[in-house]
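The structure appears below as C-alpha cells.
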Protein chains: 2
Amino acid sequence: MKKIIIATKNQGKAKEFKELYLKKGMEALSLLDIVQELPDVEETGVTFEENAALKAETIAELLQIPVLADDSGLVIDALDGRPGVYSARYAGEDKDDKANIKKVLEELIDVPEGKRTARFVCVLAIARPGEKTDFYKGTCEGSIAFEERGSNGFGYDPIFIPENETRTMAELSSEEKNSISHRSNAISKLQGRV
Amino acid sequence: MKKIIIATKNQGKAKEFKELYLKKGMEALSLLDIVQELPDVEETGVTFEENAALKAETIAELLQIPVLADDSGLVIDALDGRPGVYSARYAGEDKDDKANIKKVLEELIDVPEGKRTARFVCVLAIARPGEKTDFYKGTCEGSIAFEERGSNGFGYDPIFIPENETRTMAELSSEEKNSISHRSNAISKLQGRV
C-alpha cells in the first residue's frame, strides 16, 4: 500500500488522516507511528544480525529510505556467551542497566581474574528499500570488573574493562570510548557505504 | 550535511551514533529526533498556511521524502475570527481541549443563536525536498452550540454544530465526521497529488 508521512504528533489528527487515506487505498503514517512501529526486538532474535536487520528493515520499509540499525551486546566467555543478544533485558523484561550489571557480577562471583574475558559486539545493518541488507560487525575485547566503576556511557559500560586499560568503559571520556568502542569499530567498516 | 536515519529509541546509542557520524561529516538522526525536531508551532504562525508549511518542510527536509502536514482551527465570526491559528492553545500554553471550549463558550455567552456562525478550517501543506510547497484548503461551515455535547473527535468538536445538522461534531460517528469535515474536504482536493 502506498504510504504518506503526516507531520503530526496529535493522536486525533493522526486517526482521522488514517481513516481518510485508507479510503483512498493509502496508509497514512504519523510521526508517532514511525517511533511506535519499531518493534521492541532487541532481545527476541537469536543473533545480533537478525535483530539489527529487523529494526533497519522495518523503518526503511516504512519511510522508503535507507536506514541503519544497530544490535549490540556483551559476550562473556565464562557465561558461554551470555548475556549476548539478551543483554538489554538480561535481568528481566524491563530494561534495567543496574539490575543487569548486578546479575552478571553475581554470576561471575567465583570466576577469577584472567578468566573474566568478554567482548562488546555491535552489528550494524543497513537496509535499503528493495535491496539486500548489508551487515558490518565491530567488537571491543576486554574483561569484566569485580565491581562497577564510572558513570559515563550506558548499559554494561561500568563493569567492562577494555583491553590495555585499567579503567572501565564508564570511566573513559566519550572521546576515549568512541576511539575504541565496538560501535565505532563497526562504523569504521562502513567506509562511505552510508 | 548528509543525513542518516538510525533506527533506535535508545538515547545512549543515539548520542554515540551522533558523535561518531559527526566526525565523518554526517548527521545521525534517531527516531527520537524525528519526533522531537517537529517544532511545536501550531500556534506561533500568523496563518494556517505558514504553520502547515513549517511542519511539513521541517520533516521533509529531515527525511528527504515528501511529507504532508495539516494546520487547522476554528474561526468564529462573532470573535473576529478567533481562536483561528491559536485554536489549540487558546486558553493557555498547555493544549487543553476542555479549557479552550470553556473560554469560547464564555466569550460567546451573550451572542444569540443565528450570530454564532463559525467554520473549521484545515490547510494541508505538501512539502517535497527541494520543491515548492503546495497548499490545499478545506472548510466545514457551522455554528457554535451553547453547551458541549458528545465525546467523539477532539478539539472543539463538542461545541461545533455543522451546517444542516442538529448534533455537534462530537456526536457524529467518525464516518459521518469524515464525510463532511474540513480535513476530508481538504484531502479531497489533493486528487492524487500525494
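The values are calculated or read from the model by the stated rules, or taken from the named source; none is laboratory data. None of the values given here were measured: they were computed from a predicted structure. Cβ atoms come from the backbone with ideal geometry, glycine included; neighbour counts cover every protein chain shown. When the accessible area is computed, the model is the full protein with side chains, heavy atoms only, and any ligands, DNA or RNA have been set aside. Shrake-Rupley method; radii C 1.70, N 1.55, O 1.52, S 1.80 Å.
So what is the accessible area of the stretch A:2-190 per residue, in Å², with the probe set to 1.4 Å? Walk me through the numbers on the way to the answer.
Numbers: 8340 Å² over 189 residues.
For the stretch A:2-190, the solvent-accessible area averages 44 Å² per residue.
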TODO: Could you work out how far apart the two model spin labels at residue B:188 and residue B:22 are, taking each label as a point 7 Å from the Cα in the direction of the beta carbon, and quote it in nm?
DONE: 5.0
Open item on the list: Can you pull out the GluC sites (Glu not before Pro) in the stretch B:32-127 whose DSSP state is coil and whose Cβ has at most 12 other Cβ atoms within 10 Å?
Closed with: B:93, B:113
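Quick check for me: using +1 on Lys/Arg Cβ and -1 on Asp/Glu Cβ, what's the dipole size of the stretch A:105-161 about its Cα centre, in debye to the nearest 20?
Numbers: 7 positive and 10 negative charges, 76 e Å.
With Lys and Arg at +1 and Asp and Glu at -1, about 360 debye.
Quote the total accessible area buried by chains A and B together, excluding ligands, DNA and RNA, probe 1.4 Å, nearest 100 Å². Mind showing how you got there, number by number?
Working: alone 10970 and 10960 Å², together 17650 Å².
Summing both sides, the interface buries roughly 4300 Å².
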Open item on the list: With unit charges on the beta carbons (Lys and Arg positive, Asp and Glu negative) and the dipole taken about the Cα centre of the protein assembly as shown, which residue among B:188, A:109, B:34 sits farthest to the positive side?
Closed with: B:188
Task: Among beta bridges that DSSP assigns inside the protein assembly as shown, antiparallel share in %, nearest 5 - done: 75
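Please state the charge dipole magnitude for the protein assembly as shown, taken about the Cα centre, from unit charges on C-beta atoms (+1 on K and R, -1 on D and E), reported in debye and rounded to the nearest 20.
Using only the charged Cβ atoms, the result is roughly 1060 debye.
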Task: Positive-end extreme of charge dipole, the protein assembly as shown - chosen from B:60, B:174, A:179 (charges on Cβ) - done: B:60
Task: DSSP beta bridges in the stretch B:2-190 [antiparallel fraction, %, rounded to 5] - done: 85
Task: Helix-only [θ]222 nm of chain B, DSSP H runs n ≥ 4, -39500 (n - 2.57) each, per residue, nearest 500 - done: -9000 deg cm²/dmol
- [ ] Between the label point of residue B:22 and that of the same position in each other copy, find the distances and list them shortest first in nm, with every label point placed 7 Å from Cα along the Cα-to-C-beta direction.
- [x] 4.3
TODO: Would you give the gap between the C-alpha center of the stretch A:70-129 and the C-alpha center of the stretch B:131-194, rounded to a whole Å?
DONE: 52
- [ ] Compare each residue of the stretch B:145-194 in its chain alone against the assembly with all protein chains, and report those whose accessible area goes down by 40 Å² or more; 1.4 Å probe, heavy atoms.
- [x] B:154, B:178, B:183, B:187, B:194
Task: Rg [Å, one decimal], Dmax [Å, integer] - chain A, C-alpha atoms - done: 19.8, 65
TODO: Mind listing the label-point distances from residue B:173 to the same position on all other copies, shortest first, one decimal in nm, points 7 Å along Cα→Cβ?
DONE: 6.5
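About the Cα centre of the stretch A:69-109, how large is the charge dipole given +1 on each Lys and Arg Cβ and -1 on each Asp and Glu Cβ? Please answer in debye to the nearest 20. If you can, show how the numbers build up before the last one.
Numbers: 6 positive and 10 negative charges, 25 e Å.
The calculation lands at about 120 debye.
Rounded to the nearest percent, how much of the accessible area of the stretch B:101-172 (1.4 Å probe, protein heavy atoms only) is carbon and sulfur? Mind dumping the intermediate values first?
Working: 1710 of 3510 Å².
Result for the stretch B:101-172: 49 percent of the exposed heavy-atom area is carbon or sulfur.
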- [ ] Compare A:71, A:80, A:157 in a GNM of chain A, Cα atoms joined below 10 Å, and give the one with the largest fluctuation.
- [x] A:80
Open item on the list: Can you tell me which of A:92, A:25, A:155 moves the most in a GNM of chain A? Springs connect C-alpha atoms under 10 Å apart.
Closed with: A:25
